[in-house]
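Just so it is clear, none of the values below were taken in a lab; they were calculated from the coordinates. Predicted model, so just to flag it, every value in this text is computed and none were measured. Glycine also receives a Cβ, built like all others from the backbone with ideal geometry; neighbour counts cover every protein chain displayed.
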Amino acid sequence: MIPNSTPNSVPNAVPNGRELTVVLDPAHGGPDAGSRGAAGVVESEIVLNFARAIRQTLQGQGFRVLLTREGNQDPSFDDRSSMINGLRNAVFVTLHVSSTGPVGTVRTYSYGEIATPPVVSATGKPLPETRPGTTRSTAISRTGLIPWDRAQEAYLNASERLAQLTQIQLAQEFGGSPELSLPAAVRQLRTIAAPAIAVEISSVAVSGPAQLAQMTPRLADAVTHAIVDFQVANGGALTTPAAGRGGGPGVGAGPPLGGAH
Amino acid sequence: MAMARHWKIAILILAIAAFVGVWTFPSLLRNVLRLRRAPVTEEQARREIVQEPISTPTDAPQKAQLFWASLTSFGALEPTEIDLPLSADPAERSKQLIAALIARAPTGAQRTLPANAELLQLYVLQDGTAIADFSEALPTQVPSGIVSEQMAVDSIAHTLGANVPGVSRLKILIHGQEADTLAGHVDLSVFFPVIAPIASPESDTAPAGGTASPASSTSPSSTLPSPVSPSSASSRVSPGPAAGANGPPTPAKSPLTPASSSSPQPH
């Protein structure tokens, strides 16, 4: 079922008519601080600062922006999903800071329960994989309802495009970052009925919060560029995903959500 | 002149001591190196004593391909071939492989599963589903984050895929229970496809930090990239550290403009 309660957030005004709503999700919060670095860096605090900065840049472009939390609250995965699942023309970006990885690099993920990490040979050469990933079976039932638990399945292709566009921008801003986005089974994304991505910054293993804070303007710029590109590529009008494969040529709020199946 | 008796005794003792030293030095050196290489935690030491190695009547020494983290490309896995006695029974074989994945990581940096993680049980169902039940140490000690959690899952899936015929998907339980996430990020409510990667003919001859890059799947930001279908999984590869210089050309970024000037209006 769709949860009745929504986390606290203050909807922003819609300047200049860009009707795409961007829901930014600073991950963790409350007792769940996320990753912690030796220098006192706390993931839940850093991602909230990132989200606030990205919101400002997006609003400057005329987007309506919502945050899944404005302070140190800890909304559940479903609370966060419920903020976007009732909206039309919306995209979701969840923000994380990892505990590993080269500092200053950023990775973007779209949902995929596909075990396809990059695989390289001992020499670093990428290896092909023999078996195709699982079929992306549609989650849209014969009744036209999307099971809450599999809401993202109808948007996999759109999410992958948004992730690719975002990673292209991030790779330009942050040297050493991969050129392409990757699929990952990110729990938060599974229940989002809209194009949805996760952005993970490396890492909490910095000398202090300032090292991550200095990434903020470029991160905000890159994410905003990607969302502008995504909207432009969709002609500004986001439509319902094609049944069967999900995403199709357009993306959007999708069919009405059903209860949990 | 005859040597004094006490000198003879002293020389004899020294000679014996030197002989013993030479005799024991190699094993002493080996032990020192082993201690330097792999610091053993209390939990590991306990397990080594309590837990018997998994052996079955059908065990046969084989070259197994295990997937640990790449040292050259962060976020990527790398196959390593090791000699391992493997059972003919898929479930026992899978247990042996996962035990080796935990216990025999070549270096700490290549480890994908915590050293203290323990595979409590593993079943293989008739439909090819492997159900692996891990101890609490897996979620509590795996580094938190999307990349590290996904690599933990994928190292298991790839290792099973490369060595256990008939296993097609993987379900991970924590202490007998279904968990929402591994460590806050990766979804454990799903079944992970078990994929068998193979080496491409050129891969072994490629220079370090290979330059192969999935250029075909990117495009300028003004147009959408081609969707990467699951069947073209080979394009989902890490460009590696060198790819920034040799990877696909990326579009020049145009400055962001205020919404009122050039932003597309909604239809």
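Using modelled amide H (1.01 Å from N, peptide plane; none on Pro or chain starts), what sits under 5 Å from the amide H of B:LEU120, excluding residues fewer than 5 places away?
Amide H neighbours of B:LEU120, under 5 Å, 5+ apart: B:ASP133, B:PHE134, B:SER135.
List B:MET3, A:MET215 from most exposed to least, where exposure is judged by having the fewest other Cβ atoms within 10 Å. Provide the component values of the computation, followed by the final result.
Values: B:MET3 8, A:MET215 22.
So the residues, fewest neighbours to most, are B:MET3, A:MET215.
Check B:GLN62: other-chain or 5+ apart residues with amide H under 5 Å from its amide H, H built from backbone geometry?
HN-HN under 5 Å from B:GLN62: B:LEU84, B:LEU86.
Can you tell me the length gained on complete extension of the stretch B:ALA10 to B:LEU29, counting 0.36 nm per residue apart and subtracting the Cα distance?
Values: separation 19, 0.36 × 19 = 6.84 nm, distance 2.73 nm.
Between B:ALA10 and B:LEU29, full extension yields 4.1 nm more.
Hey, fewest Cβ within 10 Å first, where do B:LEU182, B:LEU120 land in order?
B:LEU120, B:LEU182
For Cα pairs less than 8 Å apart in space and 6+ apart in sequence, what is the mean separation divided by the residue count of region B:60-193, i.e. the relative contact order in percent? Intermediate values should be presented prior to the final figure.
Values: 260 pairs, mean separation 31.0, N = 134.
Taking the mean separation of contacting Cα pairs over the length of region B:60-193, I get 23 percent.
Residues with amide H under 5 Å of A:ALA196's amide H, sequence separation 5 or more or different chain, H placed in the peptide plane at 1.01 Å from N; which?
A:PHE92, A:SER159
With 10 angstrom as the radius, rank B:THR181, A:THR21 by how many other C-beta atoms surround their C-beta, starting from the fewest. If you can, show how the numbers build up before the last one.
Details: B:THR181 19, A:THR21 23.
In order of increasing Cβ crowding within 10 Å: B:THR181, A:THR21.
Want the number for A:GLN56 to A:VAL103: 0.36 nm per residue separation, take away the alpha-carbon distance, what's left? Spell out each step's value before the answer.
Numbers: separation 47, 0.36 × 47 = 16.92 nm, distance 2.46 nm.
Extending this stretch completely gives an extra 14.5 nm.
Grab the other residues whose beta carbon is less than 14 angstrom from that of A:GLU43, score K and R as +1, D and E as -1, and report the net.
Working: positive: A:ARG36, A:ARG69; negative: A:ASP25, A:ASP32, A:GLU45, A:ASP74, A:GLU200, B:GLU149.
Computed value for this residue: -4.
From the Cα gyration tensor of region B:60-193, with a ≥ b ≥ c the square roots of its eigenvalues, which class applies: rounded if a/c is under 1.5, or else prolate if a/b is larger than b/c, or else oblate? Mind dumping the intermediate values first?
Working: a/c = 1.60, a/b = 1.08, b/c = 1.48.
Taking the square roots of the gyration eigenvalues as a ≥ b ≥ c, region B:60-193 is oblate.
From the Cα gyration tensor of region B:150-199, with a ≥ b ≥ c the square roots of its eigenvalues, which class applies: rounded if a/c is under 1.5, or else prolate if a/b is larger than b/c, or else oblate? Mind dumping the intermediate values first?
Numbers: a/c = 2.73, a/b = 1.83, b/c = 1.49.
Cα axes put region B:150-199 in the prolate bin.
Tally Lys and Arg at +1 and Asp and Glu at -1 over the other residues with C-beta under 11 Å from the C-beta of A:SER98: what net charge comes out?
Working: positive: A:ARG107; negative: A:GLU43, A:GLU200, B:GLU149.
My count for the surroundings of A:SER98 gives -2.
Roughly how many nanometres apart are two label points built 7 Å out from the Cα toward the Cβ at A:ASN49 and A:SER76?
3.1 nm
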